[in-house]
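The values are calculated or read from the model by the stated rules, or taken from the named source; none is laboratory data. Bear in mind the structure is a predicted one, so any value in this text is a computation, not a measurement. Virtual Cβ from ideal backbone geometry, glycine too; neighbours counted across all protein chains shown.
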Amino acid sequence: MRIKHKAFILALALPPALAGAARAQTIDDVARAMGVAKAETIHYSGTGTFWGVGQSFRPGEAWPRFNMVRATRAFDLKRHVFVSDFVLTQFEVPPRGGAQQPIFGEQRRASGIAGDKAWTVAGAFTIASPRLQPTLLHDYGTSPHALVTAALADKAKLAPAADGWTFEIARSGRWRASVLVGKSRLVERVDSWVDSPVLGDMHVATAYDLYKEIDGVMVPMRLRQWAGGHPVLDFVAAEAKVNAGGIVVPPSIREAPEIVKAEKAAEGVWFLAGGSHHSAAIEMRDHVILFECPLGDARTLAVIAAVKQAIPGKPIRYAVNTHHHFDHAGGLRACAAEGAAIVTHAMNKPYFEAAYAAPRTLSPDALARSGKAASFVAIGDKHVLTDGERVLELHRVKDNSHNDALIVGYLPKEKILLVADAFSPREPVTAIPAQLNPFTTNLWANLQQLKLDVDTVIPIHGRLVKVEELRLAAGAR
């Protein structure tokens, strides 16, 4: 599997040049044509299609697709605010891949950024989300009117191109972009690069078309976007409003430090919780096995520090990766910088090797700064790690449509199962659910086939629980 990060040519039906459009000479000409000086806020509402980045069923496949039944995108160009709020329904039937599948009914996803403070909405709560900051900064900064405003401030120069003109713009440590201005003097395509914990400088291609004049401002009524070589968004606005105001920013967004709570699940086995994604540490005779290195450097480095405090004097020799989804693989490079070998299914190894060879110029991570190279232990359907006394079995969960190479851990002596995504007991499970999660029912079937004697479950999402909750969640009687 080879991952391409260079800009690719998009086969797009771009809008024709406006009749009598004057030849653009400077960014000021583009700004006048787009009505940038008149735009303070822009609200879009519409529908479309959404894909979950980094959540494919297999490495290299397209991201999973969702119906976007309602969506709003709002920009405040004076306060540097971007708010995205959309409602999704299930498209993949049966569910295939991640990104919070399966969706029963509708699911709202809302997030925003003001300056450099990012947030997300979880139910009735608005919480800081530093992990979303790079993406939200990129999506605000590469919107047409924000791009041209920034280009004016940077005194960017237009260069002739076959389809119009181009200009370059960058925000240090955040993103950089090459922008195509069409012969109509409107921003039509943006090739940009933003940091990804897995892919490095990830290429994003965005096309804007179906421009419409509203109160002297030209606004694109359609946005299409690709990331990492696959579609991520196709949004068609049914309505756009200029200078309607009303973009609400949470009054206080406090970014809390990474919290890692070390709870002893058994002698020498630690459940490392405290965030949205957990890990586990398994103490061996002369080393430690770290099970799951999630999200990115910030979370995983905090987990590594907690491991050193809980199990002092023993190096982390292995970092077990449950699957390639970006939220579960984003911290692997921090583990590699620590000197740990990455244990992952053989299906993932070529994908990670290609990704790790890609440039990381925007925001070099711990591994890039260390100058080290990651080492991998590629495993099959079963693998055993042992020091002669303690045994950690690793099993592939067969036929699970969440991920084709999903790995669970099993400690036979302690009767502990370690699992990601196929079972996430955030709330107590006291009865068989009315709607069963197919990922969970498949997990239970695998456990029965493997004849694993489980008493306790350490989940990567949710609470440390007894196996009874997993049995109920799987619909087993």
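Rundown of residues vs (1) within 30 Å of Pro294 (Cβ to Cβ); (2) crowded, with 20+ Cβ neighbours inside 10 Å; (3) outside the structural domain of Gly54 (by TED's automatic domain parsing); (4) not acidic (Asp, Glu), yes/no style:
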{"residue": "Val204", "(1), (2), (3), (4)": "yes, yes, no, yes"}
{"residue": "Lys212", "(1), (2), (3), (4)": "no, no, no, yes"}
{"residue": "Val219", "(1), (2), (3), (4)": "no, yes, no, yes"}
{"residue": "Gly229", "(1), (2), (3), (4)": "yes, no, no, yes"}
Report summary line: All-but-one check, Arg360 against (1) under 14 Å from Phe291 (Cβ atoms); (2) basic (Lys, Arg); (3) under 20 Å from the mean Cα position of the chain (by Cα), failing number (1)
Report summary line: Picked from region 454-477 (must be farther than 17 Å from Val269 by Cα, among the charged types (D, E, K, R) and out of contact with any helix residue (DSSP H, G or I) (no Cβ under 9 Å at 6 or more places or on another chain)), the residue surrounded by the most Cβ atoms within 10 Å (Cβ to Cβ) is Glu469
Report task. Name the one entry in Gly115, Gly123 that is within 20 Å of Arg70 (Cβ to Cβ), over 17 Å from the mean Cα position of the chain (by Cα) and not assigned by TED's automatic domain parsing to the domain that holds Phe326. Result -> Gly123
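Table: residues versus (1) at pLDDT below 95; (2) in a strand (DSSP E or B); (3) buried (at least 18 other Cβ atoms within 10 Å of the Cβ).
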site: Val232; (1), (2), (3): no, yes, yes
site: Val236; (1), (2), (3): no, yes, no
site: Lys241; (1), (2), (3): no, yes, no
site: Ala244; (1), (2), (3): no, no, no
site: Pro251; (1), (2), (3): yes, no, no
site: Arg254; (1), (2), (3): yes, no, no
site: Pro257; (1), (2), (3): yes, no, no
site: Glu263; (1), (2), (3): no, yes, no
site: Phe271; (1), (2), (3): no, yes, yes
Report task. Considering only region 176-211, state which residues are over 22 Å from Phe235 (Cα atoms) and within 18 Å of the chain's Cα centre (by Cα). Result -> Asp195, Ser196, Pro197, Val198, Leu199, Gly200, Asp201
Query raised in the report: Are any residues in region 160-209 under 24 Å from Pro231 (Cβ atoms), out of contact with any helix residue (DSSP H, G or I) (no Cβ under 9 Å at 6 or more places or on another chain) and not in a strand (DSSP E or B), and if so, which ones?
Result: Asp163
Requested in this report: Look at His278 and say whether it is modelled with pLDDT of 95 or more, buried (at least 23 other Cβ atoms within 10 Å of the Cβ) and not assigned by TED's automatic domain parsing to the domain that holds Lys78.
Outcome: yes
Requested in this report: Go through region 375-404 residue by residue and tally those that are buried (at least 23 other Cβ atoms within 10 Å of the Cβ) and not in a strand (DSSP E or B).
Outcome: 4
Report summary line: Pairing a residue in region 112-125 that is surrounded by 12 or more Cβ atoms within 10 Å (Cβ to Cβ) and modelled with pLDDT of 90 or more with any residue that is aromatic (Phe, Trp, Tyr) and outside any strand (DSSP E or B), where Cβ atoms lie under 7 Å and the two sit 6 or more apart in sequence or on different chains, gives Ile113/Tyr140
Query raised in the report: Across region 405-414, which residue is surrounded by the fewest Cβ atoms within 10 Å (Cβ to Cβ) among those that are over 23 Å from the mean Cα position of the chain (by Cα) and not charged (D, E, K, R)?
Result: Pro412
Query - Among residues of region 136-187, those that are more than 23 Å from Val53 (Cβ to Cβ), of a type in the set (D, E, K, R) and buried (at least 20 other Cβ atoms within 10 Å of the Cβ), counted - result: 1
